[in-house]
Amino acid sequence: MNTLLNKLLVGIHNVKTTTALSQLRIGQHIADFVMINGEGKVYEIKSELDNFDRLHDQLSDYFKAFSKVSVLAPIHELERIERVLLDFGDMGNAVGIYVLSDRDTIFSKVHSREPEQYDVTLDHACILKLLRKREYENAVHNYFGEIPQTTPVFHFRACLEWFERIPILEAQKLAFTELKKRNAMTTTAFSRIQSKLKSVVYFSDLAKRLNDVEHMLQLQYRGWQNVFSLS
């Protein structure tokens, strides 16, 4: 995950215009890594210890909310991934493939393929459930200029009914706009984080305490027991 974050937010995209999310629930599954900029992309990370028994169900859920999905795995798993995805039909053909070298770097396009747009199974409810209360209210309000007025117990259902009236790709775009507001970080702050620690700091509240983190890393190991807790 750290390699992926460094590759995407440093090597390809800009931290100012791109937001990365970790462990995002999509349907009945948890996506390892999600990137939001002009579009949304899901990355399912498979290690040597993982099996692919659940991959079809995972990808099926991801495609209910996102149009571009990829699998990231070690280079020696490449042929196996290609065989498995081939059995998934059109959905499998749309899935991108990225492979890691033994040195934990992502191979070039020679060993990978980009994901293709796949909108067939997009689902309004699955997209809306990506969002927190304030976020889905913003999405509905941004389209209709207001939100439904109802009792709290029926509020989500009413918002979903309105959300379902929005064309699916527009609804997806509205949701991505809200997701993109999470994990906001400046380029300067991101550049201060050590490369090997970027994912740990980026996906936690430690991003707000970079001075404390840097101070801790400068101390000798034996002195850490006396350091204030960062939790």
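Read-outs throughout are calculated quantities, based only on the coordinates presented, and are distinct from any laboratory measurement. All values derive from a computational prediction rather than experimental measurement. Heads up, the Cβs are rebuilt from the backbone with ideal geometry, glycines too, and the neighbour counts pull from every protein chain shown.
Quick look at the values:
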| quantity | calculated |
| --- | --- |
| Which listed pairs, of Lys46/Lys133; Lys46/Lys129; Lys68/Lys133; Lys129/Lys173, have C-alpha distances above 21 Å, in listed order | Lys46/Lys133; Lys46/Lys129; Lys68/Lys133 |
| Inter-label distance for His56 and Arg25, nm, one decimal - labels placed 7 Å from Cα along Cα-to-Cβ | 2.6 nm |
| Loop sites in region 52-153: GluC sites (Glu not before Pro), DSSP, at most 12 other Cβ within 10 Å | Glu146 |
| Nonlocal amide H pairs with Glu44, under 5 Å, H built at 1.01 Å | Ser70, Val71, Leu72 |
| Gain in span if fully extended, Phe88 to Gln117, counting 0.36 nm per residue against the direct Cα distance | 8.9 nm |
| Estimated FRET transfer efficiency (Ser101, Thr177; beta-carbon r; R0 30 Å; 0.05) | 0.30 |
| Residue-wise HN-Hα coupling along region 29-36, computed from phi with Karplus coefficients 6.51, -1.76, 1.60 (Hz; x: Gly, Pro) | 10, 10, 7, 5, 8, 10, 10, 10 |
